[in-house]
Amino acid sequence: MASASRATPDKLPAWQTLKQHADELKGVHLKTLFGSESSRWANFTRHEAGLTLDLSKQRWDDDTLEHLLALAHDAGVPSAIDALLSGKRVNVSENRPALHTALRLPAEATLNVEGEDIVAGVQESLAQMERLVCRLHAGQWRGATGKPIRHVVNLGVGGSDLGPLMVTHALADYRPENIHPVEVHFASTMDGSQLADYLGRLNPETTLFVLSSKSFTTIDTLSNANTARDWLLGRLTQHSDFVSAPPVSAELIVRQHFIGVSASPEKMSEWGIAPDHQLKFWEWVGGRYSLWGTIGLPIALVVGMTHFRELLAGAHAMDRHFSEAPMEDNLPVLLALAGIWNVNFLDIRAHSILPYDGRLEYFAAYLEQLEMESNGKSVTRQGQAVNYSTCPVLWGQLGPNAQHAFYQLLHQGTQSVVCDFIAPLKRYDEVEDPDTRRHLKAQHRLALANCFAQSRVLMLGDDALDDDGPRPEHKRYRGNQPSTTVLLDTLTPATLGALIALYEHKVFVQAVIWDINPFDQWGVELGKKIATDTQGIIDGQGDITRMDASSRGLIEAFWAAEQDG
Ligand SMILES: O=P(O)(O)OC[C@H]1O[C@](O)(CO)[C@@H](O)[C@@H]1O
């Protein structure tokens, strides 16, 4: 990481140069940039690890990129990349490394961190996960009444939910054949509504819960876990209409129906998870960076270990590129610099993520945590308030659906938004029936046509039309909205791994330039504490008169509703 004494980015010479350069470029429309540079596609597009990154529709030119690269250099990006990948304590507020990249190193690699090679431990944790996956896929994992497990419900939230949820959905086509069928589900919300749905329709005899929580203290997950345990105990320790088998002991139920995944084995044991059903990981893996290890158990259950390892290999290919490629060809660095340019120099602080592939339905939700929990910070690594913007507001959903929802604002709203379009070049080759394949391939072409059309209209506005006849103001498009397009050669475990790693490293490079720590999340702590106090007051154990009028009114409304029955 950059040295503790480095200047904040706004004090670096390249920052001032960029400010002046932005003043010159601000009045230049994107269509003009394209008009004057026929080589934009070649200049601003790079291909790596099955991904094509097209940055040509950013509102920048060759000089901009040169100045941004100087900024990255002055901010110490190359040495920060080394520090990250070699296991230096880059997470300064928690005084530990951030070694998610170690989770995807090849088995034969070594990585010495503070005198210890950590690769062997990582491989052993993957091997333990593989043993559990094999038992489930062989139908050998039996519930307390002796029936093979058919349903696995992941109970986790944030990084213990979003990554596995996103990847299992994206790679559902990669389910291995000829295995005992195990369906994977996710329940995250503390209100219990997702879990209640599963409890209403799953058979307790054949359902296994994975308690996924790095800290094993997250109330959302623990409250779901307690509900699940009571549901199992209620159904399986006594005779019921629902369960045919004779009652079994509570101990056996907890043993056979729960796996724990956490960095705290003590807390898993306290909760009652059997030691051989505990999958561990390390404090040096951040929650939102944890899908690559044992938190990825639901992924391995859906796609099998072979595909899971391909996911890791794809991410590792991006890690190597990140580590070795010169900055001007380095995809994560370039993606990060485009973001810095938009946020800090063009004042564009809204960012939309728009995949044109239904399999990437949860990608935006995943990135919302990755980017905003990492870089939604306003103090430097030395604890001083920043006087420049950091992470933009980031949101998104499937592009084709968003076209019918919020694209109106992108095209004619009052503020600039930068968009990331994401799509695979090839799709549906594996569909066996020729007629269905032909139809689906036509739908893929339709989706790509829309994807390419939208970024073009956002760029050119009215000029996307050949006919520029007079039209009323409400039908005008100003264009000039920047965008990035990421094309996957095809969506595979490997290219998905590379895509996720691309964004992880982008976030890191931006954090280095902004001089903030992307690996902590102190901003979520106060809310948790006040929620505990508020729960006490709701339960009648605290002093409501200490509260503000609004919060008091809300609690009293709840009490009144409870009394009404
Ligand atoms: O895995 P855990 O410890 O349950 O935490 C879940 C999530 O909660 C957070 O700590 C935020 O509250 C995230 O950073 C994390 O991914």
Margin query: As a test, work out the antiparallel percent of DSSP beta bridges whose residues both lie in the stretch 39-187, rounded to the nearest 5.
Written below: 60
Next item on the list: Rounded to whole Hz and in sequence order, give me ³J(HN,Hα) for the stretch 87-94 from the Karplus expression 6.51 cos²θ - 1.76 cosθ + 1.60, θ = phi - 60°, writing x for Gly and Pro.
Entry: x, 6, 7, 6, 8, 5, 6, 10
Notebook entry, point to check: For the stretch 157-166, in order, what is each residue's ³J(HN,Hα) by Karplus, 6.51 cos²θ - 1.76 cosθ + 1.60 with θ = phi - 60°, in whole Hz (x at glycine and Pro)?
Noted result: 8, x, x, 8, 9, 5, x, x, 4, 4
Notebook entry, point to check: What share of the DSSP beta bridges in the chain is antiparallel, in percent to the nearest 5?
Noted result: 30
Check: Ranking 261, 379, 254, 77 by Cβ neighbours within 10 Å, fewest first, what do you get?
Finding: 379, 254, 77, 261
Next item on the list: May I ask you to sort 395, 15, 292, 522 by Cβ crowding, counting other Cβ atoms within 10 Å and putting the fewest first?
Entry: 522, 395, 15, 292
Next item on the list: Could you calculate the contour length gain from residue 194 to residue 368, that is, 0.36 nm times the residue separation minus the distance between their Cα atoms, to one decimal place in nm?
Entry: 60.6 nm
Check: Which of the aspartates and glutamates could a cross-linker bridge to residue 280, judged by Cα under 19 Å and excluding same-chain residues fewer than eight apart?
Finding: 116, 117, 124, 130, 161, 266, 270
Next item on the list: Could you tell me whether the stretch 473-535 comes out rounded, prolate or oblate from its Cα gyration tensor? Rule is a ≥ b ≥ c as square roots of the eigenvalues, rounded for a/c under 1.5, then prolate if a/b exceeds b/c, otherwise oblate.
Entry: oblate
Check: Separation between the residue 36 and residue 412 pseudo-spin-labels, each 7 Å from Cα along Cα→Cβ, expressed in nm?
Finding: 3.1
Next item on the list: Could you list which residues have their amide H under 5 Å from that of residue 154, counting only those 5 or more apart in sequence or on another chain, with H placed in the peptide plane?
Entry: 185, 186, 187, 210
Next item on the list: Sum up the charges of everything whose Cβ sits under 11 Å from the Cβ of residue 256, counting Lys and Arg as +1 and Asp and Glu as -1, but leave residue 256 out.
Entry: +1
Item checked: Gyration tensor (alpha-carbon) shape descriptor, the stretch 109-231, a/c threshold 1.5 -> oblate
Check: Ranking 444, 257 by Cβ neighbours within 10 Å, fewest first, what do you get?
Finding: 444, 257
Notebook entry, point to check: Say each of residue 183 and residue 378 gets a label point 7 Å from the Cα, pointing the same way as Cα to Cβ; how far apart are those two points in nm?
Noted result: 4.6
Check: Once amide H atoms are placed 1.01 Å from N in the peptide plane, what residues at a sequence separation of 5 or more from residue 377, or on another chain, have their amide H within under 5 Å of its amide H?
Finding: 391
Note to self: Which trypsin sites (Lys or Arg not before Pro) in the stretch 337-424 sit in a loop by DSSP (not H, G, I, E or B) and have at most 16 other Cβ atoms within 10 Å of their own Cβ?
What the structure shows: none
Item checked: Other-chain or far-sequence residues with amide H under 5 Å of residue 396's (modelled H) -> 353
Next item on the list: Report the FRET efficiency, 1/(1 + (r/R0)^6), for residue 436 and residue 405, where r is their Cβ-Cβ distance and R0 is 22 Å, rounded to 0.05.
Entry: 0.15
Note to self: With +1 on the Cβ of every Lys and Arg and -1 on the Cβ of every Asp and Glu, and nothing else charged, how large is the dipole of the chain about its Cα centre, in debye rounded to the nearest 20?
What the structure shows: 360
Item checked: Integer Hz, Karplus 6.51/-1.76/1.60 couplings in order for the stretch 297-314, x for Gly and Pro -> 3, x, 5, 4, 5, 7, 9, x, 5, 4, 5, 4, 5, 5, 4, 4, 5, x
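Quick note: the coordinates plus some simple rules give every number you see, no bench work behind them. Just so it is clear, the model here is predicted, and its values are computed rather than measured. Neighbour counts run over all protein chains shown; Cβ positions are idealised from the backbone, glycine included.
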